[in-house]
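Student: What follows is a single structure, and I will ask about it in a moment.
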2 protein chains.
Amino acid sequence: MEIENLISFKEAKACPIQFVLAVNDTLNVISGKWKLPIIGSLLFEKRRFTDIQRNIPKITPRMLSKELKDLEMNGMVKRTVYDTTPITVEYELTESAKLLGDVLDKMLEWGLQHREATIAKN
Amino acid sequence: MEIENLISFKEAKACPIQFVLAVNDTLNVISGKWKLPIIGSLLFEKRRFTDIQRNIPKITPRMLSKELKDLEMNGMVKRTVYDTTPITVEYELTESAKLLGDVLDKMLEWGLQHREATIAKN
DNA sequence: ATTATCGCTATACAAAAGTATAGTAGTATA
DNA sequence: TATACTACTATACTTTTGTATAGCGATAAT
């Protein structure tokens, strides 16, 4: 996380190691069993804790709490506490996280083509 | 891996669950500590086992072997055995795997912008 | 008084992923 | 005869990741 790690697209593409590191940055932000469902749940609207929990049936509060903290630390999610009774806490994607949508689109597209390509070979 | 899982891009984008499933397909193919380095190592040329090992200094043969099998099973890598002495085994990316390059480009691009965006907020 | 809701945390455990280290079979070179 | 190369496999272990289950403190409704 040091400044020296700041590299440009060109530099990263030219050097395989920098390339892998930079792509890994993205990968880390969405890896794990629950990050994608959580991001998916927040893609179109803000939500509260219990709200997300209901939206992702099998997640435990422990995991949801942990992953939300993780996402917050990585600049993916903004957490806002409202002093109501009972307390309400709202989670929403940051602007940067919303841009991830484009990447996910590409992943979706490739995933579908790859499935067709590999099934075709059987 | 059943036919019923075959869905279109439009269907997948419309339905959050299908969306997450299809993106996960892509994610699974590149997740784990060593898949990206291995794919990176094979992006521009075919390589042999020991060759890849030298290219990725800290990988153990156990991990390399396991991940290569995994990648082969997922239609990412083609393995060819040559009956020389000693035996040579060549690994190369499939056509479908090479297309993943575009996705990785997007991930690289987003990773760099995200890093700048989150550093800017400190 | 009991139950429910909100947003979690604590503890203990199981499963998955990765590491360390050694060794294999076959051939070939010093 | 000893060592090295190729392409791995075997065994045992540690670390990371995820699960299961229970409970907390504040408030409010029944």
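Student: For chain A, which longest stretch is free of loop sites, where a loop site is one of the GluC sites (Glu not before Pro) that DSSP puts outside H, G, I, E and B and that has at most 10 other Cβ atoms within 10 Å?
Tutor: Looking at chain A, A:46-122 is the longest stretch - no exposed GluC sites (Glu not before Pro) with at most 10 other Cβ atoms within 10 Å.
Student: Kindly write out, for region A:22-31 in residue order, the coupling ³J(HN,Hα) from the Karplus curve 6.51 cos²θ - 1.76 cosθ + 1.60 (θ = phi - 60°), rounded to whole Hz, with x marking Gly and Pro.
Tutor: Residue by residue, region A:22-31 yields 5, 5, 4, 3, 5, 4, 4, 5, 10, 8 Hz.
Student: Follow-up question, since we're still on this one. Note down the nm distance, to one decimal, between modelled labels 7 Å out along Cα→Cβ at residue A:15 and at residue B:95.
Tutor: Calculated label separation equals 3.5 nm.
Student: Same structure, new question: Tally up the carbon and sulfur contribution to the accessible surface of region A:32-120 as a whole percent, 1.4 Å probe, everything protein left in place.
Tutor: Values: 2650 of 5010 Å².
With neighbouring chains kept in place, the figure for region A:32-120 is 53 percent.
Student: Between chains A and B, what is the buried accessible area in Å², counting both sides, with a 1.4 Å probe and ligands, DNA and RNA left out, to the nearest 100? Don't skip to the end; give the middle numbers.
Tutor: On the way: alone 9490 and 9500 Å², together 14730 Å².
Heavy-atom accessible area buried at this interface is about 4300 Å².
Student: Rounded to the nearest angstrom and ordered from largest down, what semi-axes does the equivalent ellipsoid of region B:32-120 get from its C-alpha gyration tensor (root of 5λ)?
Tutor: Working: eigenvalues 168, 43, 22 Å².
Computed over region B:32-120, the values are 29, 15, 10 Å.
Student: Continuing with this model, one more query. Taking H placed 1.01 Å from N in the peptide plane, check which residues at least 5 places from residue A:48 or on another chain put their amide H under 5 Å from its amide H.
Tutor: A:91
Student: Any chance you could get the radius of gyration and Dmax over the Cα atoms of the protein assembly as shown, in Å?
Tutor: Taking only Cα atoms of the protein assembly as shown, I get Rg and Dmax of 19.8, 77 Å.
Student: Keeping every protein chain present and rolling a 1.4 Å probe, give me the accessible area per residue for the protein assembly as shown in Å². Can you show the working numbers first?
Tutor: Values: 14730 Å² over 244 residues.
Roughly 60 Å² per residue, with all protein chains present.
Student: By the scheme Lys and Arg +1, Asp and Glu -1, what is the net charge of all other residues having a beta-carbon under 11 Å from that of residue A:44?
Tutor: Working: positive: A:46, A:47, A:98; negative: A:45, A:92.
Taking every other residue near residue A:44 into account, the sum is +1.
Student: At a Cα cut-off below 25 Å, give the lysines reachable from residue A:69, other chains included and same-chain residues fewer than 8 away excluded.
Tutor: Hits, sequence-local ones excluded: A:33, A:35, A:46, A:58, A:78, A:98, B:33, B:121.
Student: Suppose you put the label 7 Å out from Cα in the Cβ direction; list, shortest first and in nm with one decimal, how far residue B:119 is from each other copy's label.
Tutor: Label-point separations across copies, in nm and ascending: 4.4.
Student: Using just the helices of the protein assembly as shown, give the 222 nm mean residue ellipticity in deg cm²/dmol: DSSP H runs with n ≥ 4 each add -39,500 (n - 2.57), and the total is spread over all residues, rounded to 500. Kindly include the intermediate steps, with their values, before the conclusion.
Tutor: Values: 12 runs with 150 residues, N = 244.
Here the helix-only value at 222 nm equals -19500 deg cm²/dmol.
Student: Let me ask something additional. Counting other Cβ atoms within 10 Å, keep those with at most 11, restrict to DSSP loop, and tell me which trypsin sites (Lys or Arg not before Pro) in region B:38-110 are left. Walk me through the numbers on the way to the answer.
Tutor: Numbers: sites: B:46, B:47, B:48, B:54, B:58, B:62, B:66, B:69, B:78, B:79, B:98, B:106; in loops: B:46, B:58.
Taking region B:38-110 and a limit of 11 other Cβ atoms within 10 Å, the loop trypsin sites (Lys or Arg not before Pro) found are B:58.
Student: If you plug each phi of region B:41-51 into the Karplus form 6.51 cos²θ - 1.76 cosθ + 1.60 with θ = phi - 60°, what whole-Hz ³J(HN,Hα) values come out, in order, with x for Gly and Pro?
Tutor: Along region B:41-51, the couplings run 5, 9, 4, 10, 7, 5, 8, 9, 3, 5, 4 Hz.
The values are calculated or read from the model by the stated rules, or taken from the named source; none is laboratory data. Owing to the predicted nature of the structure, the values given are computational and were not obtained by experimental measurement. Using ideal geometry, Cβ is built from the backbone for each residue, glycine included, and neighbour counts are taken over all protein chains shown. Surface accessibility is based on the protein's heavy atoms, side chains included, excluding ligands, DNA and RNA. Shrake-Rupley method; radii C 1.70, N 1.55, O 1.52, S 1.80 Å.
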